[in-house]
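The values are calculated or read from the model by the stated rules, or taken from the named source; none is laboratory data. Quick caveat, the model's predicted, so the values are computed rather than measured. Using ideal geometry, Cβ is built from the backbone for each residue, glycine included, and neighbour counts are taken over all protein chains shown. The accessibility values were calculated without ligands, DNA or RNA, using every heavy atom of the protein model including side chains. Shrake-Rupley method; radii C 1.70, N 1.55, O 1.52, S 1.80 Å.
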Amino acid sequence: MCMTTINATEAGADLYNYINAALDEPVRITSERGTVVMLSEEEWENILETLYITGVPGLVEEIKENRKLPESEFIRWNGSGL
């Protein structure tokens, strides 16, 4: 993943533009105390969802196996959780 890297002084001086940039790709901001990454809320939620899914024992393997099924055997999720 390509990331723009700036220092905290640059980020503060042009925060609005870096926020807009982070909506398209993460922005790495460095400081004397450490480094942070600014990214869109959507990207953050995608990361959390991926962490959750990969943390459920056996779920990734089950998804991989189910992808091998013909579409006629897919079980459509109706949102009820059943």
Give just the number: which of (1) open to solvent by less than 50 Å² (accessible area, probe 1.4 Å); (2) aliphatic (A, V, I, L, M); (3) in contact with a Ser or Thr (Cβ under 7 Å, 6 or more places away or on another chain) does residue 23 not satisfy?
-> (1)
Output yes when any residue across the range 31-42 is within 13 Å of the chain's Cα centre (by Cα) and surrounded by fewer than 10 Cβ atoms within 10 Å (Cβ to Cβ), and no when none is.
-> yes
Among (1) modelled with pLDDT of 90 or more; (2) out of contact with any Pro (no Cβ under 8 Å at 6 or more places or on another chain), which single condition is residue 43 missing?
-> (2)
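Among the residues of the range 24-65, how many are over 27 Å from residue 4 (Cβ atoms) and not in a helix (DSSP H, G or I)? Break it down into steps so the answer makes sense when it comes.
So in the range 24-65, the residues over 27 Å from residue 4 (Cβ atoms) come out as 52-65.
Filter once more, keeping what is not in a helix (DSSP H, G or I): 56-58.
Qualifying residue count for the region: 3.
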Sole exception among (1) open to solvent by 60 Å² or more (accessible area, probe 1.4 Å); (2) at pLDDT below 85 for residue 68, by number = (2)
Can you name every residue in the range 46-64 that is surrounded by 10 or more Cβ atoms within 10 Å (Cβ to Cβ), at pLDDT below 90 and of a type in the set (Asp, Glu)?
-> 62
Could you check how many residues of the range 1-20 are among the aromatic types (Phe, Trp, Tyr) and either exposed (fewer than 11 other Cβ atoms within 10 Å of the Cβ) or touching a Pro at 6+ places or on another chain (Cβ under 7 Å) (or both)?
-> 1
